[in-house]
1. Any idea what the relative contact order of the stretch 127-220 is, in percent, if you count C-alpha pairs under 8 Å spaced at least 6 apart?
2. Residue by residue, what Karplus-based ³J(HN,Hα) values in Hz, rounded to whole numbers, does the stretch 433-445 have, using 6.51, -1.76 and 1.60 with θ = phi - 60° and x for Gly and Pro?
3. Quick check on the chain: helices-only [θ] at 222 nm, where DSSP H runs of length 4 and up contribute -39,500 (n - 2.57) each and the sum goes over total residues. Nearest 500, please.
4. How tilted is helix 152-170 with respect to the longest principal axis of the chain? Cα atoms for both, answer in degrees (0 to 90, nearest 10).
5. Under a 5 Å amide H to amide H cut-off, with H placed in plane at 1.01 Å, what residues pair with Ser357 once short-range neighbours are removed?
6. With r as the distance between the Cβ atoms of Val447 and Val148 and R0 = 30 Å, compute the FRET efficiency 1/(1 + (r/R0)^6) and round to 0.05.
7. So how exposed is Ile78, as accessible area in Å² (1.4 Å probe, rounded to 10)?
8. Under 14 Å from the Cβ of Leu330, count the other residues' Cβ atoms, weight Lys and Arg +1, Asp and Glu -1, and hand me the total.
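The values are calculated or read from the model by the stated rules, or taken from the named source; none is laboratory data. Source: prediction; values computed, not measured. Ideal geometry is used to build each Cβ from the backbone, glycine not excepted, and the neighbour counts take in all protein chains shown. Side chains included, ligands, DNA and RNA excluded: accessible areas come from the protein's heavy atoms. Shrake-Rupley method; radii C 1.70, N 1.55, O 1.52, S 1.80 Å.
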Amino acid sequence: MTDASARASTARPPGAAPDPDAERLAALGYTSEFKRDMSLWANFSLGFTYLSPVVGVYTLFATSLQTAGPPMVWSFLIAGVGQLLVALVFSEVVAQFPVAGGVYPWARRLWGRTWGWLTGWVYLLALMSTIAAVSYGAGPYVAALLGVEPSTATTVWCALGLLALATVINLGGTRVLSAAAVFGFAAELLGALAVGAWLLLTHRYHGLGVVFDSFGAGGDGSYTDAFLAAGLIAVFLFFGFEACGDVAEEVPDPGRQIPKSMRRTIYVGGAAAIGVSLALVMSIRDIGAVVSGSDKDPVAQVLHEAFGATGARVVIGVVLISFLSCVLSLQAAASRLTYSFARDRMIAGSRLLATVSDRLRVPPYALLLAATLPGVIIVGASALSEGALTKIISFSSIGIYLAFQMVVLAALRARLRGWRPSGDFRLGRWGLAVNVGALVYGVAAIVNICWGRTPDAAWYDNYLVLLSAVVVFAAGGLYLLLARPHLHGDAPSGDAAAAVTAGATADRTADPATDPTGDPATDPATDTTRPGAAE
């Protein structure tokens, strides 16, 4: 047992009952400042509302239907299976390393400090831009609910109001976040089921066979290209399950519960997305008009026809609850990642960002950062031009997938170097095949996201997503070279193969001779000032 782990394991008051979760965390080198107030259902709800099938479908449905016609629904099955493989890999990792922050500590323990830092950097920027994108995307729905013109200024103010409300709720603590996540899940799922059922019962114009009819989508070009482009609706939808692991130190028995939550997020979220999409497709009177581009907002048209003006507003209200819940979950994930970064002294302002409120047991400054930075993105981009926001947040569409695959690659590397998952969830002999499959899917999805599909546009607009990824990686690499933040922390790294099951010890500390990063390391026992370190 390391000295840090020994200090952590002795932090229990004399006479107190043993806490297996605390002891497990102590063996990994940490003591938690959070309360384990998040139930299995609340943890699942957090992942579901982050994935948010209503937000994903309602945002991109019209574009996808126009691009590939009704067969675009099949993309949900393809992306769902691919991301299930990723979720299974993550489940093995979080079961062994149930540490707050998700992909950053996972990549750090699987590969090393440098890889972990870069993974966290990519994921953090992707989360911040995604928060901005979802908040801004809610603006037109807020304007429609209030009956005002959805101008740029109105959309910005509505987005900032949504951000502020989400921040206040998140600052209420884990119990408040859990209750909000469960309420958001219930409202979104029940709303989706109610809307879908009503459309199918009273407003259906097509049968299930419509999903095999492209209605001429793709024109004279390759339909495969059209289908891949339309499939981005599913690619962008199927993430959020990783948020279940971001709050690992707030969930009792995380090694067993979080893998369950991740899989349920994929199953239930995917089923809801497919159900909503099918109901909408089968309820559109003239799909050909959507494919031709003459009907640019089929969702609004269907809702008004089926529910009337008042009913449509009720549906919009449910959609807004979904947007709010999604921002809540994104903020929670971003704040826990920031806290985890700061606890390991890997980010500027670590002492402040690693602070946890004694009363609320949440990291307030990390949460404020997860509100301020997206707000700055929204205001700054909208002030430049109407298209600037799209350019700035374009990284959100690729950054999360890149961070995912950095963890999947690290897991595959560790597995080939002898890592055998030792947590409460294990894939056994299927582990290598699932890991390879997850990597293949992830790389294919990244290529699809980056693929330039507007040849008439300037080259930099055509490959904007790829360029944004290059800029983020280059900035992170330059920061690594100049500031060397990955050397500031003393948390264990690259020790996946040496870590053992719950209750045992993780007896490997970073050492210049054995650390896969090749970076010099300090002994955790010599530094007790690190925020969150075992005392």
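1. Details: 34 pairs, mean separation 15.7, N = 94.
It rounds to 17 percent for the stretch 127-220.
2. Running phi through 6.51 cos²θ - 1.76 cosθ + 1.60 with θ = phi - 60° gives 4, 5, 4, 5, x, 5, 5, 4, 4, x, 5, 4, 5 Hz.
3. Using -39500 (n - 2.57) per qualifying helix, the result is -21500 deg cm²/dmol.
4. 40 degrees
5. When sequence neighbours closer than 5 places are left aside, the close amide H contacts are Val362.
6. Efficiency for this residue pair is about 0.15.
7. Ile78 exposes around 100 Å² with every protein chain in place.
8. Numbers: positive: Arg336; negative: Glu242, Asp246.
Within the 14 Å Cβ shell, the charges total -1.
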